[in-house]
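Novice: Questions regarding the structure given below will be posed in turn.
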Amino acid sequence: MARCIFHIDLDAFFVSVERLLDPELKGKPVIVGGDPERHGVVASASYEARPFGIHAGMPLSRARRLCPRAIFIQTHLPRYRDASVKFMGVLANFSPCIEPMGLDEAYLDATGCEEPYGSFHRMAVAIKGRIHQELKLTASVGIATCKVVAKVASDLCKPDGLLEVAPGDESQFLRLLPVAKLPGVGTKMEQVLGGMGVITIGDFASLPSSVIKRRFGKGGEVVHRYASGIDDRRVEAPGESKSISKQTTFARDTLERYFLETSLHRLCEQVSAELRYRGKRAGCVTLKVRDADFETISHQATLKEVSNVSQVIFTAALQLLNRALAQRRKPIRLIGVRVSGLSGEGRQLNMFDSRTERLERLDKAIDQIREKYGTESIRNVGSGA
Ligand code: TTP
Ligand code: MG
């Protein structure tokens, strides 16, 4: 029996949650991400802001130039986390097999769960209705026989949409869409493919896999199969996760030292804050670096003592970055940080280590300020020493 997978994604998630608290924001171009006077990027843009060309990841200053009357709001992660917990709770009523992807999206294996509703389509309508009833938010749902097609479908029908791709229609459905719509194809890959004459997903699918393997490696082969609607990934309910990771892709390949270090610092702050939020400490830090040729390397370090202190994680990651750059000086297009070896217990008390204790207090204070005033309200510009 063919599988039936739903991809469910909330519309303009951060903005929509802010609108629940301040209905004045309805119908207006709204951008969540912080103060456009300061550094930072758009996290979420309302659909009224998008015709101006504003999208997630764009510098806030540019967003303001494109739409001066847009309303800018700080990011309030605790609010979105609460909404996310409720969202996943709603989905759990419809299937035992749900795989959350970040805060506002999830895959749901609907195979065999549609009976009470009469069809998968009606089941999806019921899910959208429950989300609206319980969260006052809208979601878009893609229905297909595999994850990648379900995800493309939900993306295509946003906002507040529902799109079902019938079994057997997968490659036909994908064929004429721009290749950038395919998950796994980033800006750089799109450029390289463009140079090879590839415009649509169908163009990509028709390239021989030997060419793809030579140019993009094994990862490229997987994405190439997606282009034909072939994706065997199961919907996997998460167990207790064994690691936390964050990564970022740059708009331009770079070796600029200050930029790399500040990007790395931000990633380390994010994974450390996540550790503290989950009450965990990590024993291991891994740095991932991808260069302009899609070559990806990882370096790993074991910490002397398990930690969730931003500065400790950053110091380890920075040493790894130095090592990576010493080995291979090629412009970098992606960096990522992963912490693993997670443990729930507190660190061993070391009465002489007052520096760690000071740093822990600093992180706690920053977490509290961010909780109250927003993620961008304060930055700890660590020295990395
Ligand atoms: P998305 O689902 O990609 O975006 P969205 O919900 O704002 O809009 P859409 O209607 O197109 O789904 O991401 C979900 C949330 O994750 C988003 O509201 C904010 C956050 N986010 C970031 O913080 N940074 C990013 O670069 C992206 C893409 C999302
Ligand atoms: Mg969304």
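Novice: For segment 293-323, how many residues meet the condition of being farther than 19 Å from residue 249 by Cβ, among the hydroxyl-bearing types (Ser, Thr, Tyr) and within 25 Å of the chain's Cα centre (by Cα)?
Specialist: Pass one, segment 293-323, residues farther than 19 Å from residue 249 by Cβ: 300-316, 318-319, 322-323.
Remaining after also requiring among the hydroxyl-bearing types (Ser, Thr, Tyr): 302, 307, 310, 315.
From the residues that got through so far, the ones that are within 25 Å of the chain's Cα centre (by Cα) too are 307, 310, 315.
Final tally of qualifying residues: 3.
Novice: Now for a different question. Look through segment 277-318, keep the residues that are over 27 Å from residue 219 (Cβ atoms) and part of a helix (DSSP H, G or I), and return whichever of them is modelled with the lowest pLDDT.
Specialist: Residue satisfying both the conditions and the ranking: 278.
Novice: Inspect all residues belonging to segment 76-92 and state whether any of them is buried (at least 18 other Cβ atoms within 10 Å of the Cβ) and more than 16 Å from ligand 2 (Cβ to nearest atom).
Specialist: yes
Novice: Could I ask something else about it? Does at least one position in segment 165-182 carry a residue that is under 30 Å from residue 26 (Cα atoms), surrounded by fewer than 18 Cβ atoms within 10 Å (Cβ to Cβ) and either among the charged types (D, E, K, R) or in the same structural domain as residue 47 (by TED's automatic domain parsing) (or both)?
Specialist: Within segment 165-182, one or more residues are under 30 Å from residue 26 (Cα atoms), surrounded by fewer than 18 Cβ atoms within 10 Å (Cβ to Cβ) and either among the charged types (D, E, K, R) or in the same structural domain as residue 47 (by TED's automatic domain parsing) (or both).
Novice: Still on this structure, I have one more. Which one of these is β-branched (Val, Ile, Thr) and within 20 Å of the chain's Cα centre (by Cα): 222, 211, 198, 165?
Specialist: Details: 211 fails: within 20 Å of the chain's Cα centre (by Cα); 198 fails: within 20 Å of the chain's Cα centre (by Cα); 165 fails: within 20 Å of the chain's Cα centre (by Cα).
Only one candidate passes the filter, namely 222.
Novice: Same structure, new question: Restricted to segment 14-42, and to residues that are closer than 21 Å to residue 82 by Cβ and assigned to a loop (DSSP other than H, G, I, E, B), which residue is nearest to ligand 2 (Cβ to nearest atom)?
Specialist: Restricting to residues being closer than 21 Å to residue 82 by Cβ and assigned to a loop (DSSP other than H, G, I, E, B), the top hit is 33.
Novice: If only one of 2, 63 is of a type in the set (Gly, Ala, Ser), away from ligand 1 (no atom under 15 Å from the Cβ) and either in contact with a strand residue (DSSP E or B) (Cβ under 9 Å, 6 or more places away or on another chain) or touching a residue at least 24 places away in the same chain (Cβ under 8 Å) (or both), which one is it?
Specialist: 2
Novice: Moving to a separate point now. Name the residues in segment 224-261 that are assigned to a helix (DSSP H, G or I) and either without any contact (Cβ under 8 Å) to a residue 24 or more places away in the chain or closer than 24 Å to residue 198 by Cβ (or both), would you?
Specialist: Matches in segment 224-261: 224, 225, 226, 227, 257, 258, 259.
Rundown of residues vs (1) within 14 Å of ligand 1 (Cβ to nearest atom); (2) of a type in the set (A, V, I, L, M, F, W, C); (3) within 26 Å of residue 371 (Cβ to Cβ); (4) in a helix (DSSP H, G or I), yes/no style:
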| residue | (1), (2), (3), (4) |
| --- | --- |
| 85 | no, yes, yes, yes |
| 96 | no, no, no, no |
| 108 | no, yes, no, no |
| 129 | no, no, no, yes |
| 137 | yes, yes, yes, no |
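Novice: Related question: Suppose the filter is modelled with pLDDT of 95 or more, on the phi < 0 side of the Ramachandran plot and either of a type in the set (Gly, Ala, Ser) or assigned to a helix (DSSP H, G or I) (or both); does residue 174 pass it? Break it down into steps so the answer makes sense when it comes.
Specialist: Working: modelled with pLDDT of 95 or more: yes; on the phi < 0 side of the Ramachandran plot: yes; either of a type in the set (Gly, Ala, Ser) or assigned to a helix (DSSP H, G or I) (or both): yes.
Against the criterion (modelled with pLDDT of 95 or more, on the phi < 0 side of the Ramachandran plot and either of a type in the set (Gly, Ala, Ser) or assigned to a helix (DSSP H, G or I) (or both)), residue 174 qualifies.
Novice: Could you check how many residues of segment 99-110 are over 17 Å from residue 11 (Cα atoms) and modelled with pLDDT under 95?
Specialist: Qualifying residue count for the region: 1.
Novice: If you scan segment 5-41, which residues turn out to be acidic (Asp, Glu) and either out of contact with any strand residue (DSSP E or B) (no Cβ under 9 Å at 6 or more places or on another chain) or away from ligand 1 (no atom under 12 Å from the Cβ) (or both)?
Specialist: Listed by number, the residues that qualify are 22, 24, 35, 37.
Novice: Has segment 119-130 got any residue that is buried (at least 20 other Cβ atoms within 10 Å of the Cβ) and touching a Lys or Arg at 6+ places or on another chain (Cβ under 9 Å)?
Specialist: No, the conditions are met nowhere in segment 119-130.
Novice: Checking the condition more than 10 Å from ligand 1 (Cβ to nearest atom), assigned by TED's automatic domain parsing to the domain that holds residue 146 and at positive phi, which residue from 57, 89, 53 passes?
Specialist: 53
The values are calculated or read from the model by the stated rules, or taken from the named source; none is laboratory data. What you are looking at is a predicted structure, and each value in this text was computed from that prediction instead of being measured. Positions of Cβ are backbone-derived with ideal geometry, glycine not excepted, and every protein chain shown enters the neighbour counts.
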